[in-house]
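To start, the structure itself, in structure tokens.
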Amino acid sequence: MSAESNLLEVIGVVKKFPGVLALNNVSLEVAPGEIHALMGENGAGKSTLVKCIAGIQAPTSGRIVFKGEDITEFTPKKALDRGISMIHQELSPVVHRSIMENIWLGREPLNRFGLVDHKAMYRKTQEVLAEIDLQEDPRTLMENLSVAKMQMIEIAKAVSYDAKLIIMDEPTSALTDKEIQQLFRIVRALRDKGKSIIYISHKLEEIYEITDRVTVYRDGTYIGTERTLDLPVQKMINMMVGRDVDELFPKTPCPIGEVKLEVRNLSHARFFRDVSFTARRGEILGIAGLVGAGRTELIQTIFGIYKKASGTILIDGKEVEISSPKDAIKANMALLTEDRRTSGIFPMLSVGFNMTIASMGQFMNRVKLLSGRKISRKSEEYRKSIHVKTPNLEQKIMFLSGGNQQKVLVARWLMTQPDILFLDEPTRGIDVGTKAEIHRLISELAGQGKTIIMVSSELPEVMGMSDRILVMCKGVATGIVENTPDLTQDTLMAYATNTMNQETA
Amino acid sequence: MVSAGIIKTEWVKEKLKKYGIVVVLFLMIVGLTLAEPNFIRRTNIFNILTQASIFGIMALGLTFVIISKGIDLSVGSILAFAGVVAASLAQSPLATNKYYPNLGELPLLIPILVALLIGLSCGAVSGFFIAKTKIPAFIATLGMMTIARGFALIYTNGRPISNLESMTVIGGRVFGVIPIPILVYAGAIVLSWVLLNNTKFGKNVYAIGGNATAAEVSGVDVDKNLIMIYAYSGLMAGLAAVVFAGRVGSVHPGAAQMYELTAIAATTIGGTSHSGGIGTIWGAFVGALVLAVMRNGFTLLGIDAYWQQVTEGAIIIVAVIIDMRKNARKD
Amino acid sequence: MVSAGIIKTEWVKEKLKKYGIVVVLFLMIVGLTLAEPNFIRRTNIFNILTQASIFGIMALGLTFVIISKGIDLSVGSILAFAGVVAASLAQSPLATNKYYPNLGELPLLIPILVALLIGLSCGAVSGFFIAKTKIPAFIATLGMMTIARGFALIYTNGRPISNLESMTVIGGRVFGVIPIPILVYAGAIVLSWVLLNNTKFGKNVYAIGGNATAAEVSGVDVDKNLIMIYAYSGLMAGLAAVVFAGRVGSVHPGAAQMYELTAIAATTIGGTSHSGGIGTIWGAFVGALVLAVMRNGFTLLGIDAYWQQVTEGAIIIVAVIIDMRKNARKD
Amino acid sequence: AGGRETARDGYMVGYVCNNFNDTFQTYVMDAARDYFVEVDDVSITFQDAQEDVIRQQDLVNTFITQGVDALIVVPVDTSAMTPIIRAASEANVPLIFVNRNPFGETTPPENVYYVGSQEIVAGRMQMEEMGKLLGGEGGVAILMGRLDNEGAILRTEGNEEVIAEKFPNIRVLAKETGLWQRDQGMSLTENWITAYGNRLNGILANNDEMALGAAEALRSAGRTDVPVMGVDAIPDALEAVRQGILAATVLQDSVGQGGGSARLAHRILKGESVEQVTWVPFVLINQDNLDQFID
Ligand SMILES: Nc1ncnc2c1ncn2[C@@H]1O[C@H](COP(=O)(O)OP(=O)(O)OP(=O)(O)O)[C@@H](O)[C@H]1O
Ligand SMILES: Nc1ncnc2c1ncn2[C@@H]1O[C@H](COP(=O)(O)OP(=O)(O)OP(=O)(O)O)[C@@H](O)[C@H]1O
Ligand SMILES: [Mg+2]
Ligand SMILES: [Mg+2]
């Protein structure tokens, strides 16, 4: 394509951070009316590149040409004025403010006295929300929304700028199918209006579903651009990872032992009621359901983060009282939480600290003092085994790519060597190569006789990894199914929407 | 009957949670009125409001600062510096210790504008350093606190500047009834309220405190807004200096020491959170009243001066504990 | 040649960035030595370290507090309260204004333990309220600041408690050479360093400041640790009280006013961040030295006291600006 | 630094003030400075202890390191001067205390001097006058300085002693701290007017600044019947006495104290023999004797 016909051209862009060469001479071309995917492993530089395009960071060198003009000033404001808006991978909204104030931040409608026109803002917000089919009062505070809704509002906001180019950096990582379909409807409508979209995701099926072309990066370098339909899955993975990934869900069968954890009639005042299940040694119990089903709250209640209303929890057949995460950890449980930003990482602290903080007990020397040497040896070991891309262990975790942060958290909990490990969306935002690696580690743990309870919104993952699957719908456990080869996604969905009876009937 | 009783307590509990600090204020007022009927007399109410006005005006500016996740320790010193300079321009021609011996009587507006301008500038300087060099607000304003106080001392050589006949008009009353400091305070409240709730600037203040990155990527010029925030805080300190000079008729370079702590306390008691993004002008007003009523009450009740300190600390803590309950999770 | 020069400047720039505040300190020392050779004499170096010791010890405790994203305004008042009570137990039998007229001479250890215990308890109380009622640390410790000061005044009726012959040993020297306050300070530094870097408690402090929710989920008992953090800060204030009593030989209920600001400034100058999760003991030490050297230098250079204030504010700001450059993004 | 150069040739005196924010102390310093302007073999440097004993001690030590020939100190805390006295005597530097007396009835040690007044006397003088004005009856309120300040405590004690000894029918309605500040004196007085109404017949303030604030509050409340008295006789207060706004003030003689200590230092340096203690008396000023003090 010629320069004139491209909306955006990235030519030889380099971006250096202290100790990291995030982008090394990469290029990209986006045509008008195109949905263009960016693919690459965690830390390949996708977010860094789009941040440069959206003026959040300035490239160290190279050119970015938009509508035939070289971009020289890199500020978000300039980018927005030019017609580039973005949905951010790691950005939380201004949680204490309302939906409408978030959407119109920086461009509030004014009345003739130059004051903010709240009525107009309210009206315009209603219009925007209608487009994404969200029934919420525009004055609702963001903090009262679920993660999924917040994400939908971020999407609505980006769209409402009426930009020429909309960048979406992993917009679906917090969404489930229903919202994803909603998003795709919006994206297609935008394309039909001649807008261009840069779409980043680690979910291959999404890439095939809506993108026109794919550009792949690896380690900050440009690998190639292809029409999506002409690119077989294995080839795409190979371009990203540099090798073939043999098996996505390397579940190794292992003997299943006696019951380790038993939950009896557990209820929470608001989120779920009367849930019972058991989990055995060496077993991976999947938990599936739609967004809002209460899966997160279920495991967080078992873990002592929420207060249970009634019910009992038994470990090895003995009743235990767990009223705080500390109790849970004492009982040899561990929980990888769903929301990386608020309850996962310590952003200002080092990668090493983030990995080891839950296992400090292991690093004491004879006089009960922590040994720095032991700590760094252990973290180094884990850094290697799950391929955390970081210049060193001293790097602040906030400077890692999203996927690599997730890997560090996985390492944190694997390191505690728990008997019972709860994983809430463990591979959110993790690239295919590493996903397989993490799945292998999970399997290995199960093989050692540990009990794994894994919540995932990705049905292939649940079905690929679990021995049994607990399905929830609106706070009720609608079924526990054996994961036999003849189990279908449709059956699970039927449980998840509680339409099982109609289905079978 | 029983159920009505329950509903009533539920209702009270609910309100107590939502308007915690107002309830505290209300209880203080009721208690004091019972203990000392003079408390509720008009002159005393006016006294309380006048006494609240100086640090109350500072608390308005601090509300912007604290919502934006900052802090401003310099307002007391800025008051002193702006105050002494304004005072030197407002001395009556017959003053005993005239600062500018040959200066005639200037129109009242000039010292007022000078005070506001000095306040604004000092604040803008702090804001500039905070925005452009990213030093912590604590340090920038601690520095400004020392610097402004130093300038006040240098300017006056440590002496008060008095005989401000023209300015004492501001300490007077309208129609012989309503003290002007109260009117100035009311005006500052309205101005701050409109600024915070109905202008782009106000929205930006909340956004910067709530999530500075989110503000930045939404196209908000964070640096410019930070400068404006501290400039506004300085401006309010300048306005407080005018009221101070008007009320006292004399400004001392050591004036308003520790007022920053009182003003910050008023803001915080009123529910403005130091973790940013949360706060109201209304809260700053109620917080200032709580402090002023408390101090007035101490005197009316004749509480021993040493015990006043202990009680003051305890009341501040208890007031905020009650107020915090509104944020308590329900489960 | 040229390249060597470039490498050198690069190297200097790199170091300047990494050890910003140490470089500032170094430059101050060199400058002062050139301007006034007396500066570098052993007695003067000891003077400076002794002068740094009291607020320096407080800064150690504050480092824990600020890393955990808190603040402690009460340390100055706690010093006064712990100090007067300890002093009343350490008066020599012949003291002119004996607080406990019938009390004989107690072993030195008793007043010391009492001071430490009072400091620890006051801190633990603040910590308790912060942890259990979630009130902002600013309010809890502002309350404690007023309360502890009030108790100091009540306990003493506003008068100093003097003639602490036994305690002045602590203000003395070992082998007639090294001042004991410096040794106490050194001990406190080592203790704090080990606590912060080599214990679970220390790691928890960072975790709580870095992300309290994540800390909770990672099994950190946040409440318990918060109480311990403020208790430690109080303990350091108690230790500072011992050094104070030892140096002065008398404790005044109004002692150590505003020391909290100096101690917080020392901590912040040393790079501890008020947004939590970042800070070192080493930084608190260097920060305290910067302040002590600066004040000592002012006197040696005979700078006018009013101008000192202005200069002090400016130096604090500039020091932190230089130090901030180490965090500057490279792009 | 210009002043320091000459100091190399002549003597250098270090002056550590308790607090530069203390208006009265600025007059004491001025008097000392004025004295040394007249003589050419001595220069003086002023430092501010900012009401902190430790800082005062540090300043003294730094002065000694620097090699000053004599020290003048206004104690922050008179009971805490032992280390300063020790440091000065070890370095063999003459030490003069001004304004606040660390020695009470006892004689200072060798090479240590005191120039100043008895704080308690100021309080006594105030109350004697107030008692006369009120005819020995009524209620008074006391505006105290900082609660931990010796001047504040002793002046208040002087007030109360006289009441106990001579005016059994006068009651102290309240005593609270106005932190030496005019605005605080004003706020407290406003509250007292509400609380005590006509039972409030007189106000005794520990300094003139607070007294002037009290007078202002009384004026706006239309209370002309309440006499107010301060201490220090700062120019504003003298003017207020002339206009009848203040009933009286007590002259604390800044020239006698500041100039006196400077002269004393000069004489010691020249090797003359001097008295160890110089008393500078307080004088009560009211409209009757005002003319002697206004120039
Ligand atoms: N501010 C920064 N400072 C230092 N290094 C950074 C910074 N931002 C990004 N990096 C590094 O740059 C590289 C590219 O990161 P980027 O976020 O662009 O990856 P990504 O492709 O978006 O990965 P993911 O799929 O995990 O989101 C990573 O190694 C990351 O650690
Ligand atoms: N802070 C909150 N305030 C009010 N309601 C909430 C809050 N958090 C969650 N909910 C509600 O609780 C229910 C369950 O929450 P959630 O969506 O996290 O469930 P989930 O099954 O874990 O879904 P997923 O993990 O897929 O997001 C939903 O109805 C949600 O709207
Ligand atoms: Mg990314
Ligand atoms: Mg969930």
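Cα convex hull of chain D: mean projected area in nm², to one decimal? Intermediate results must be reported in sequence, preceding the final value.
Values: hull surface 62.0 nm².
Mean projected area of the Cα convex hull: 15.5 nm².
Determine the percent antiparallel among the DSSP beta bridges restricted to chain A, to the nearest 5.
On the way: 43 of 78 bridges.
Just about 55 percent of them are antiparallel.
Just reorder C:TYR259, A:TYR161 by solvent-accessible area, largest first, 1.4 Å probe, all chains present. Write out the running numbers ahead of the final one.
Working: C:TYR259 15, A:TYR161 50 Å².
Sorted descending by solvent-accessible area, the residues read A:TYR161, C:TYR259.
Total accessible area buried between chains A and B, 1.4 Å probe, in Å² to the nearest 100?
On the way: alone 22680 and 16150 Å², together 36850 Å².
Buried surface at the A/B interface: approximately 2000 Å².
Tell me, which residues of region B:251-280 get at least 50 Å² less accessible area when the other protein chains come in, versus the chain alone (1.4 Å probe)?
So the qualifying set is B:HIS252, B:MET258, B:LEU261.
Keeping every protein chain in place, order B:VAL169, C:VAL251 by accessible area at 1.4 Å, biggest value first, i.e. largest first. Intermediate values should be presented prior to the final figure.
Numbers: B:VAL169 85, C:VAL251 0 Å².
So the residues, ranked largest to smallest area, are B:VAL169, C:VAL251.
How large is the accessible surface of A:ASP133 in square angstrom, using a 1.4 angstrom probe and rounding to the nearest 10?
A:ASP133 has an accessible surface of roughly 90 Å² with all protein chains in place.
If the elastic network links every pair of Cα atoms under 10 Å, which of D:ALA122, D:ALA233, D:ALA195 fluctuates the most in the Gaussian network model of chain D?
Maximum among the listed residues: D:ALA195.
Could you sort out which of A:LYS307/A:LYS407; A:LYS157/A:LYS193; A:LYS378/A:LYS435; A:LYS378/C:LYS200 sit more than 19 Å apart by Cα distance in this structure? Spell out each step's value before the answer.
On the way: A:LYS307/A:LYS407 29 Å; A:LYS157/A:LYS193 17 Å; A:LYS378/A:LYS435 22 Å; A:LYS378/C:LYS200 17 Å.
Check vs 19 Å cut-off fails for A:LYS307/A:LYS407; A:LYS378/A:LYS435.
Compute, for C:TRP307, the solvent-accessible surface of its heavy atoms (probe 1.4 Å) with the complete set of protein chains present, and express it in square angstrom to the nearest 10.
Counting only protein heavy atoms, the figure is 120 Å².
Can you list, shortest first and in nm, the gaps between the label point of B:ILE178 and those of its counterparts in the other copies, using a point 7 Å from Cα in the C-beta direction?
Taking the point 7 Å beyond Cα along Cα→Cβ, the inter-copy spacings are 6.9 nm.
Using DSSP, restrict attention to beta bridges with both residues in region A:395-496 and report what percent are antiparallel, rounded to the nearest 5.
Values: 6 of 11 bridges.
Antiparallel: roughly 55 percent of the beta bridges in region A:395-496.
Ignore the peptide's own chain and count Cβ atoms of other chains within 10 Å of each Cβ in D:178-189; give me the average, rounded. Show your work: numbers first, answer last.
Numbers: counts 0, 3, 3, 7, 10, 13, 3, 1, 6, 11, 5, 1.
Per-residue shielding by partner chains comes out at 5.
Leaving ligands, DNA and RNA out of it, rank A:ASP117, D:ASP34, B:ASP72 by accessible area with a 1.4 Å probe, largest first. Display every interim value, and only then the final one.
Working: A:ASP117 45, D:ASP34 95, B:ASP72 0 Å².
Largest accessible area first, the list is D:ASP34, A:ASP117, B:ASP72.
Mind telling me which of B:GLY279, B:GLY187, B:GLY246 comes out most flexible in a GNM of chain B, alpha-carbon contacts under 10 Å?
Looking only at B:GLY279, B:GLY187, B:GLY246, the largest GNM fluctuation is found for B:GLY187.
For the protein assembly as shown, take N as its residue count and report Rg(C-alpha) divided by 2.2 N^0.38 Å.
Working: Rg = 35.5 Å, N = 1462, 2.2 N^0.38 = 35.1 Å.
Dividing the Cα Rg of the protein assembly as shown by 2.2 N^0.38 Å gives 1.01.
Among DSSP beta bridges lying fully in the protein assembly as shown, give the percent that are antiparallel, nearest 5.
On the way: 54 of 129 bridges.
Of all bridge pairs located within the protein assembly as shown, approximately 40 percent are antiparallel.
Distance from the Cα centre of region C:60-124 to that of region A:219-275, in angstrom?
Comparing the Cα centres of region C:60-124 and region A:219-275, I get a distance of 60 Å.
If we hang a label 7 Å off Cα along the beta carbon direction at C:THR96, how far is it from the matching labels on the other copies, in nm, shortest first?
3.4
Sort all Cα-Cα distances of region A:353-393 into consecutive 10 angstrom bins from zero, then give the percent of pairs in each bin up to the one containing the longest distance.
All Cα pairs, binned at 10 Å, distribute as 28, 53, 16, 2 percent.
Can you work out the accessible area per residue across region C:42-328, with the rest of the protein chains kept in place, probe 1.4 Å, in square angstrom? All intermediate terms of the calculation are to be shown ahead of the outcome.
On the way: 8580 Å² over 287 residues.
Value returned for region C:42-328: 30 Å² of accessible area per residue.
Assign one of three labels to chain B, namely rounded, prolate or oblate, based on the Cα gyration tensor with a ≥ b ≥ c the square roots of its eigenvalues; rounded applies when a/c is under 1.5, prolate when it is not and a/b is larger than b/c, and oblate otherwise.
Details: a/c = 2.11, a/b = 1.25, b/c = 1.69.
Cα axes put chain B in the oblate bin.
Treating the beta-carbon of each Lys and Arg as +1 and of each Asp and Glu as -1, no other charges, what is the dipole magnitude of region A:221-328 about its Cα centre, to the nearest 20 debye? Intermediate values should be presented prior to the final figure.
Working: 15 positive and 14 negative charges, 65 e Å.
Here region A:221-328 has a charge dipole of around 320 debye.
Leaving ligands, DNA and RNA out of it, work out the accessible area of B:PHE128 with a 1.4 Å probe and give it in Å² to the nearest 10.
My reading of the accessible area for B:PHE128 is about 100 Å².
So what is the accessible area of chain A per residue, in Å², with the probe set to 1.4 Å? Kindly include the intermediate steps, with their values, before the conclusion.
Working: 20630 Å² over 505 residues.
Result: 41 Å² per residue.
Over region C:118-245, how many percent of alpha carbon pairs lie in each 10 Å bin up to the one with the longest distance?
Computed distribution, short to long bins: 12, 32, 31, 19, 6, 0.
Compute the accessible area of each residue in region C:17-41 twice, once for its chain alone and once with every protein chain present, using a 1.4 Å probe on heavy atoms, and list those whose area falls by at least 10 Å².
So the qualifying set is C:GLU36, C:ASN38, C:ARG41.
Go ahead and set up a Gaussian network model of chain C, Cα springs under 10 Å, then flag whichever of C:ALA188, C:ALA95, C:ALA137 fluctuates most.
Answer for the Gaussian network model of chain C: C:ALA95.
How far apart are the B:THR213 label points across copies, placing each 7 Å from Cα toward Cβ, in nm, shortest first?
1.4
Classify region B:13-118 as rounded, prolate or oblate, taking a ≥ b ≥ c as the square roots of the eigenvalues of its Cα gyration tensor: rounded when a/c is under 1.5, otherwise prolate if a/b is larger than b/c and oblate if not. Intermediate values should be presented prior to the final figure.
Values: a/c = 4.09, a/b = 1.75, b/c = 2.33.
It is oblate, given that a/c is not under 1.5 and a/b is not larger than b/c.
With a 1.4 Å probe, how much accessible area is buried between chains C and D, both sides summed, in Å² to the nearest hundred? Intermediate results must be reported in sequence, preceding the final value.
Numbers: alone 16140 and 13320 Å², together 26680 Å².
Between C and D, the summed buried area is about 2800 Å².
Return the sequence-ordered ³J(HN,Hα) values of region A:426-433 in whole Hz as given by the Karplus equation 6.51 cos²θ - 1.76 cosθ + 1.60 applied to θ = phi - 60°, using x for Gly and Pro.
After applying 6.51 cos²θ - 1.76 cosθ + 1.60, I find x, 10, 4, x, 9, 6, 4, x Hz.
Work out the length of the dipole vector of region A:339-417 about its Cα centre, built from +1 on the beta-carbon of each Lys and Arg and -1 on the beta-carbon of each Asp and Glu, and round it to the nearest 20 debye.
Working: 14 positive and 4 negative charges, 40 e Å.
Approximately 200 debye in magnitude.
Taking region A:1-123 as the region of interest, what is the percent of Cα-Cα pairs per 10 angstrom bin, listed from the shortest bin to the one with the maximum distance?
Reading upward from the zero bin: 11, 35, 29, 18, 6, 0.
Find the relative contact order for region C:42-328 and round it to a whole percent, using C-alpha pairs within less than 8 Å whose residues are 6+ positions apart. Show your work: numbers first, answer last.
Numbers: 533 pairs, mean separation 100.5, N = 287.
So the answer I get is 35 percent.
Rounded, prolate or oblate: pick one for region A:339-417, where a ≥ b ≥ c are the square roots of the eigenvalues of its C-alpha gyration tensor, a/c under 1.5 means rounded, and failing that, prolate if a/b is larger than b/c, else oblate.
Numbers: a/c = 1.83, a/b = 1.64, b/c = 1.11.
Taking the square roots of the gyration eigenvalues as a ≥ b ≥ c, region A:339-417 is prolate.
Please compute the contact order of region A:8-247 in relative form: average sequence separation of alpha-carbon pairs under 8 Å and at least six residues apart, divided by the residue count, as a percent. Mind showing how you got there, number by number?
On the way: 430 pairs, mean separation 67.5, N = 240.
Worked out over region A:8-247, it gives 28 percent.
The values are calculated or read from the model by the stated rules, or taken from the named source; none is laboratory data. Since the model is a prediction, treat every value here as computed from it, not as a measurement. Note that each Cβ is placed from the backbone with ideal geometry, even for glycine, and that neighbours are counted across all protein chains shown. In case anyone asks, the SASA skips ligands and DNA or RNA and just uses the protein heavy atoms, side chains included. Shrake-Rupley method; radii C 1.70, N 1.55, O 1.52, S 1.80 Å.
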